[in-house]
């Protein structure tokens, strides 16, 4: 791949991410973190975390620090909340390239970066921004710096390793250290690089990491005492394996096996091939250029699978390593069955995006833009099928970029319009309604607070309201709350219905226009 083509491909990834940056933040997590970051800025309290005015002991503070700082510089917007995490994601692409180039050459490194940047997981982690975006970039940066130090033993590599581990721990807890240590430790073991243990300079890493964690630890101790420190260093992460953590679900140890399939689209086939080839080489006793990738994938995947509580985005932390496996497995000349399988997968993705944009969520305003987006992808795929100058990799990448643009410019804007809390919050902010004139009954959410610009007053039942409501007051509620107000004689001058659906839990019933109405909740804005 020429340098010009590579740079154009990177620019295409940035464009896709840019369109996603301006989209509404999603409930539950992203909207909650955005609202908490805005509260942190308004309260000017940077060491203690609060959610709706209550103590918050769940996630470390780095995401909130960075987003609050971004809000302070650029104002409170969707994109300014996502900006720090997006910059970290781009750092992750850079670190992936530097790591792969060190062991496998520039061509494989470029391929790994483009596979990562065009994957479904990367599209989602730069759109629905949670702590895992920063964690993923921190871990691959730590892996690159640590692997570079094992090879070259330079001080800057140890300092970067320390900063990356500290960053990961400050955003998601001990996993920020566990993931790179497992990956690098597995390499030391399999490559038999025992001499690294005699170089005591590596001891500077835990010292620098500990120093970076001091501000967070001070805040935890002041807010929660020793319980806060124990929660952070043990219960939050390791407690999910031992069962001490309160978060539990009924998922099995095989939960993440099907997550790999969709998160690495459209490169899943070669991820699996890369895994198989690498493990086969190790079992045959063949010496590999590096064991970091396979160690990180197998050991971190195993650790995540042992947790008593699992969510799909937990797997993001090793998505860059999956991309490395896929890039290494991609042959110079794919076999016939590989060409057919990859082309078929690309066609299925294009058909799914086409159906979502033109059938599930059609919009006359976007039709011309969608046609322009699909045109280059269709041309690339056509030339690939005709066996002309376009390679299978190029056709797959261009098509996935087209799919990403369709998702971020058409599909997600339509889906996010069903976040009633966000729509009502924007309505409230647009009319300048403060907490003295606006409240909610039995309804609410993190995006309502974020877009309204404050913690919306909330009561569980109509009986807790002071009746009769004064002129100019507005109440946000559900169908039951509205009926209860009517029964008490509170008659609004205007009632506006907002359809709602939890957009993180997409289902075929919601995606099918014929069934969608039956999947929606009804929420109401009552103006008095």
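The values are calculated or read from the model by the stated rules, or taken from the named source; none is laboratory data. The shown structure was predicted, so the numbers you read here are calculated from the model rather than taken from an experiment. Reconstructed Cβ throughout: ideal geometry from the backbone, glycine too, with neighbour counts over all protein chains shown.
For the reader, a short list of remarks on this structure follows.
- Leading residue by the ranking (surrounded by the fewest Cβ atoms within 10 Å (Cβ to Cβ)) among those in segment 408-450 that are free of Cβ contacts under 8 Å to residues at least 40 places away in the same chain and part of a helix (DSSP H, G or I): 430
Residues are listed down the side, and each one gets a yes or a no for (1) modelled with pLDDT of 90 or more; (2) under 30 Å from residue 344 (Cβ atoms):
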residue: 212; (1), (2): yes, no
residue: 240; (1), (2): no, no
residue: 260; (1), (2): no, yes
residue: 293; (1), (2): yes, yes
residue: 313; (1), (2): no, yes
residue: 321; (1), (2): yes, yes
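- Scanning segment 14-26 for residues that are within 18 Å of residue 411 (Cβ to Cβ) and outside any loop (DSSP other than H, G, I, E, B) yields 15, 16, 17, 18, 19, 20, 21.
- Only one of 135, 184, 158 that is surrounded by fewer than 24 Cβ atoms within 10 Å (Cβ to Cβ) and in a helix (DSSP H, G or I): 158
- Tally, over segment 499-528, of residues that are under 27 Å from the mean Cα position of the chain (by Cα) and closer than 21 Å to residue 477 by Cβ: 8
For every residue, the table says whether it meets (1) touching a helix residue (DSSP H, G or I) at 6+ places or on another chain (Cβ under 6 Å); (2) assigned by TED's automatic domain parsing to the domain that holds residue 23; (3) closer than 25 Å to residue 342 by Cβ; (4) part of a helix (DSSP H, G or I).
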residue: 67; (1), (2), (3), (4): yes, yes, no, yes
residue: 83; (1), (2), (3), (4): yes, yes, no, yes
residue: 95; (1), (2), (3), (4): yes, yes, no, yes
residue: 102; (1), (2), (3), (4): no, yes, no, yes
residue: 121; (1), (2), (3), (4): yes, yes, yes, yes
residue: 128; (1), (2), (3), (4): yes, yes, no, no
residue: 147; (1), (2), (3), (4): yes, yes, no, yes
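- Counted residues, segment 289-343 - those being in contact (Cβ under 8 Å) with a residue 40 or more places away in the chain, farther than 28 Å from residue 171 by Cα and surrounded by fewer than 17 Cβ atoms within 10 Å (Cβ to Cβ): 3
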